[in-house]
Amino acid sequence: MAGRRGLSSTSLNLTFLGTASAQPSSTRNHSALALRLNSDVWLFDCGEATQHQVQRSKVKMGKIEKIFITHTHGDHIFGLLPLLATMLNGAGGTADGVEDPRTHMVQDSPDPLEIYGPLGTRAYVRNGLKYTHTLLGAPYVVHELRLPSDPPDGDHTSLALHAAESPNGRNIPQTNGVWSDVYHDTIVSVSAAPILHSVPCIGYVVTEAPVPGKMDPAKYIPHLKRTKTPMSVMSRLQQGESIELSDGTMLQGPLKRPGRKLVILGDTYDPSPIAELASSADLLIHEATNAHLPALDSNTKPEDTFESVEARTKSRGHSTPQMAGAFAARIGARKLVLNHFSARYPGNDDVDPTAKTIMEGIAGLAEEHYSGKIICARDFMSFDVNVPQEHAWNK
Ligand SMILES: *[C@@H]1O[C@H](CO)[C@@H](O)[C@H](O)[C@H]1NC(C)=O
Ligand SMILES: [Zn+2]
Ligand SMILES: [Zn+2]
């Protein structure tokens, strides 16, 4: 939070730490994505080796404040416990009856590391820490986004709280099929909705609050002086309000520019339940696990067709590039980033021409349904989410 306060223009940067599906390969690691909001870091998913990937990237581990888990499949969560152990001073222990000070943590310390995820996330973390005898030197908290079919309360485990676990973990129920505002501050908010996969899975929507426009005081001050209006109304004008003065003059503050919207989906064969929340996203991150590329992929089975590949992909809970493109078009996204690729699609397309051809082929399939910009993610790819051109005047 500290890193975001007091800055007029928020920088939003994404770094892909892992872009593989089921199995990692020599060119892709398991799912993890870092969102940098000015200097704070939020992670989305935390597959195996995430902490190594963080160390090898420009993302600062000590700045990670929140971790959002889309679903509890191992390729999205196996890296969470080792990351917590490193971040929260979890190494080592004591022997010979010497008491470890970490067994008596103050559990409701003000700023625990926050983890959000579906039912089972809290139990997974608590059990994993317990059975590996891991003590932590700083607290964490797990908030679970509960489905209507989940128990509304309870922890999904009979183990007592871990010494470092804050008892303030919320069980957040849905309203109208979504989880609204599971987190917000003055600069951004996070909402979420279920997306369809082989197990319960969540898509997250990060929305920047509308940003006040540029104020030209010369436009207002003479009118305020003439009508002896207190200068304090300037702050209301700055918020975009319109104000009627005592002589009937109307003053309109500069209009706010809409905040940027990022939609970060987990694994899915149909993200329809998040469509409304995701509409007009500046950026959509959508999986594209399998593709049919008969001319480019020498491992293509002769009997395969676009239809058979799509049917097989869906039956495993996943999407093709065409499905991702169609969803991007449906919600009116400005930009589409594909990720979560099968191990057969190498991620070194920046240096290997064959890999480049294949990734271009995959983007081409998404293009059949979507005319916006398409990017195929690779590990360590990093870019800023810019304010769209038509709003840039107000920056
Ligand atoms: C994946 O993570 C492992 C463990 O840190 C590392 O050795 C490997 O180089 C990583 N692969 C990629 C493509 O970054
Ligand atoms: Zn996955
Ligand atoms: Zn999965």
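Is it the case, given these coordinates, that Gly128 is within 18 Å of Ile202 (Cα to Cα), in the same structural domain as Ala192 (by TED's automatic domain parsing) and over 15 Å from the mean Cα position of the chain (by Cα)? Reasoning before the result, please.
Details: within 18 Å of Ile202 (Cα to Cα): no; in the same structural domain as Ala192 (by TED's automatic domain parsing): yes; over 15 Å from the mean Cα position of the chain (by Cα): yes.
Against the criterion (within 18 Å of Ile202 (Cα to Cα), in the same structural domain as Ala192 (by TED's automatic domain parsing) and over 15 Å from the mean Cα position of the chain (by Cα)), Gly128 does not qualify.
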His369 in the same structural domain as Ser198 (by TED's automatic domain parsing), within 16 Å of ligand 1 (Cβ to nearest atom), closer than 23 Å to Ile274 by Cβ and not aromatic (Phe, Trp, Tyr): no
Unique residue being farther than 30 Å from Pro210 by Cα, modelled with pLDDT under 95 and not in a strand (DSSP E or B) when the list is Arg344, Arg378: Arg344
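Considering only helices (runs of 4 or more DSSP H) fully contained in segment 220-338, which possess at least 1 residues that are touching a residue at least 24 places away in the same chain (Cβ under 8 Å) and either closer than 27 Å to Ala32 by Cβ or out of contact with any strand residue (DSSP E or B) (no Cβ under 9 Å at 6 or more places or on another chain) (or both)? Let's see the steps before the verdict.
Details: elements: 221-226, 233-238, 306-315, 321-331.
Filter on segment 220-338 gives 233-238, 306-315, 321-331.
Condition test on Val54, is it touching a strand residue (DSSP E or B) at 6+ places or on another chain (Cβ under 7 Å), without any contact (Cβ under 8 Å) to a residue 40 or more places away in the chain and more than 17 Å from His162 (Cβ to Cβ)? Give the steps one after another, and end with the answer.
Details: touching a strand residue (DSSP E or B) at 6+ places or on another chain (Cβ under 7 Å): yes; without any contact (Cβ under 8 Å) to a residue 40 or more places away in the chain: yes; more than 17 Å from His162 (Cβ to Cβ): yes.
In short, yes.
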Among the candidates Asp45, Asp40, Asp75, residue that is touching a residue at least 60 places away in the same chain (Cβ under 8 Å), charged (D, E, K, R) and closer than 22 Å to Leu284 by Cα: Asp45
Boolean, Thr15 is closer than 25 Å to Ser319 by Cα and not in a strand (DSSP E or B): no
Residues within segment 37-62 that are within 16 Å of ligand 3 (Cβ to nearest atom), charged (D, E, K, R) and assigned to a strand (DSSP E or B), tallied: 1
Count of segment 18-36 residues which are within 10 Å of ligand 1 (Cβ to nearest atom) and in a strand (DSSP E or B): 3
Qualifying residue in segment 189-200 (condition: in a loop (DSSP other than H, G, I, E, B) and farther than 30 Å from Arg316 by Cβ): no
Per-region count, segment 328-357, residues more than 16 Å from ligand 1 (Cβ to nearest atom) and closer than 14 Å to Thr289 by Cβ: 1
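The values are calculated or read from the model by the stated rules, or taken from the named source; none is laboratory data. Just so it is clear, the model here is predicted, and its values are computed rather than measured. All Cβ positions, glycine included, derive from the backbone under ideal geometry; neighbour counts span all protein chains shown.
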